[in-house]
Amino acid sequence: MAGFDDLRGKAEEFAKENPEQVSQGIEQAGDFVDDKTGGKFEEQVDGVQQGAGDYLNGLGGGENNEG
């Protein structure tokens with residue numbers, strides 16, 4: 001899937017160049033889900049946030065933000 005690979009590459013490049021923005025986006029997305037679900041899935045959301053932060057760190061950008 002050349003189109004998807006190109007999109008993925010662009011997203012990774014953006015994350016490397018803008019780690020703080022991406023970290024904030026991860027945090028905000030998790031907070032949004034927690035708000036909309038009344039915190040029912042808070043533990044799962046926190047795990048996804050942690051995984052996304054770890055992935056971002058693996059790209060060489062940002063600090064890990066735990067929800």
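Computed from the coordinates by the stated procedures, all read-outs in this text should not be read as laboratory data. Here the structure is a predicted model, which is why all the values come from computation and not from measurement. Reconstructed Cβ throughout: ideal geometry from the backbone, glycine too, with neighbour counts over all protein chains shown.
When peptides 33-43, 3-13 are ranked by their average number of other Cβ atoms within 10 Å per residue, the highest-first order is 33-43, 3-13. Charging the Cβ of each Asp and Glu at -1 and of each Lys and Arg at +1, and nothing else, the dipole of the chain about its Cα centre rounds to 220 debye.
Recomputing Cα Rg over 2.2 N^0.38 Å from the coordinates shown identifies the correct label among [x] 1.20; [y] 0.95; [z] 2.07 as [x].
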